[in-house]
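Input: a single structure, listed below in structure tokens.
The values are calculated or read from the model by the stated rules, or taken from the named source; none is laboratory data. Predicted model, so just to flag it, every value in this text is computed and none were measured. Cβ: placed from backbone, ideal geometry, glycine included. Neighbour counts: every protein chain shown. Remember, those area values only see protein heavy atoms, side chains included, never the ligands or the DNA or RNA. Shrake-Rupley method; radii C 1.70, N 1.55, O 1.52, S 1.80 Å.
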Amino acid sequence: IAVNKYEIMFNHVNFTYPNTRKKVLRDITFKITPGEKVCIVGRNGAGKSTIIKLLCGIYQPDCGTIEINGVNINDISIDSMKKIRSVVFQDYYRYYSTIRENVSYSDIEQMFNDDRIKETLMRSQADDFVVGLQSKFETHLGNIEDDGVDLSSGQWQKLAIARAVFPKSSFIILDEPTA
């Protein structure tokens, strides 16, 4: 799919977790148009994260289809999907490496593009704490290195969001962005 604007369509999607009988999702149908911002709200266990994992191709629906611009996501290559969307899961990973590496793992070819890293940190509101670090982008995170700095949960989350913003995907999915 070689366009910048994407329409997402869930068509009568059902989903049941393996080894259970309880349907988590029943006949879910909705469309997200280009430029639209969507928030899915519901109780714990209502299926919000399941919808995200289905959209990412981590789970397969029992029936129904998920399409991007009319193409079933099962027919879109993993590399193409990585260019189309970025995701921050509620259990994002904390990489004990440098700020630079944490941000650029999503687009390694741009790892030394300082302007892009700076812009990304600003967009994800992570620049507020990075400017106060002595080694800025080269600051080691975590406790593996002697000079490593640990971050608050909110700061780690901002870095996870920066990692999702960095590759300039067409859309970004935030699973529990306020966790």
## Note on the structure
Per the list (1) modelled with pLDDT under 90; (2) over 21 Å from the mean Cα position of the chain (by Cα), residue check on Asp114 breaks on (1)
### Query
Within segment 54-65, which residues are modelled with pLDDT of 90 or more, out of contact with any helix residue (DSSP H, G or I) (no Cβ under 7 Å at 6 or more places or on another chain) and open to solvent by 50 Å² or more (accessible area, probe 1.4 Å)?
Gln60, Asp62, Cys63
### Message
Suppose we filter segment 143-170 for residues that are hydrophobic (A, V, I, L, M, F, W, C) and in a helix (DSSP H, G or I); how many remain?
### Response
7
### Query
Val149: over 19 Å from the mean Cα position of the chain (by Cα) and open to solvent by 70 Å² or more (accessible area, probe 1.4 Å), yes or no?
no
## Note on the structure
Residues of segment 1-16 being modelled with pLDDT of 90 or more and either farther than 24 Å from Ser80 by Cβ or aliphatic (A, V, I, L, M) (or both), in sequence order, are Ile8, Met9, His12, Val13, Asn14, Thr16
### Message
Could you check segment 29-41 and list, in sequence order, the residues that are open to solvent by 40 Å² or more (accessible area, probe 1.4 Å), of a type outside the set (D, E, K, R) and either part of a strand (DSSP E or B) or without any contact (Cβ under 8 Å) to a residue 12 or more places away in the chain (or both)?
### Response
Thr29, Phe30, Val38, Cys39, Ile40, Val41
#### Entry: Val24, sole failed condition from (1) assigned to a loop (DSSP other than H, G, I, E, B); (2) more than 17 Å from the chain's Cα centre (by Cα)
(1)
### Query
For Arg116, are the conditions met, namely being over 20 Å from Ile58 (Cβ atoms) and basic (Lys, Arg)?
yes
### Query
So which residues in segment 82-117 are touching a residue at least 12 places away in the same chain (Cβ under 8 Å), of a type outside the set (Asp, Glu), in a helix (DSSP H, G or I) and more than 13 Å from Ile172 (Cβ to Cβ), if there are any at all?
Ile99, Arg100, Asn102, Val103, Ser104, Gln110, Arg116, Ile117
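Every residue, every condition in (1) within 21 Å of the chain's Cα centre (by Cα); (2) open to solvent by less than 40 Å² (accessible area, probe 1.4 Å); (3) of a type in the set (A, V, I, L, M); (4) under 18 Å from Ile8 (Cα atoms), yes or no:
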| position | (1), (2), (3), (4) |
| --- | --- |
| Glu67 | yes, no, no, yes |
| Lys82 | yes, no, no, yes |
| Ser106 | yes, no, no, no |
| Ala126 | yes, yes, yes, no |
### Query
Here are some conditions: (1) more than 18 Å from Ile173 (Cα to Cα); (2) aliphatic (A, V, I, L, M); (3) exposed (fewer than 13 other Cβ atoms within 10 Å of the Cβ). Val24 meets all but one. Which one does it not meet?
(3)
## Note on the structure
The one condition Met122 fails out of (1) closer than 26 Å to Pro34 by Cα; (2) in contact (Cβ under 8 Å) with a residue 40 or more places away in the chain is (2)
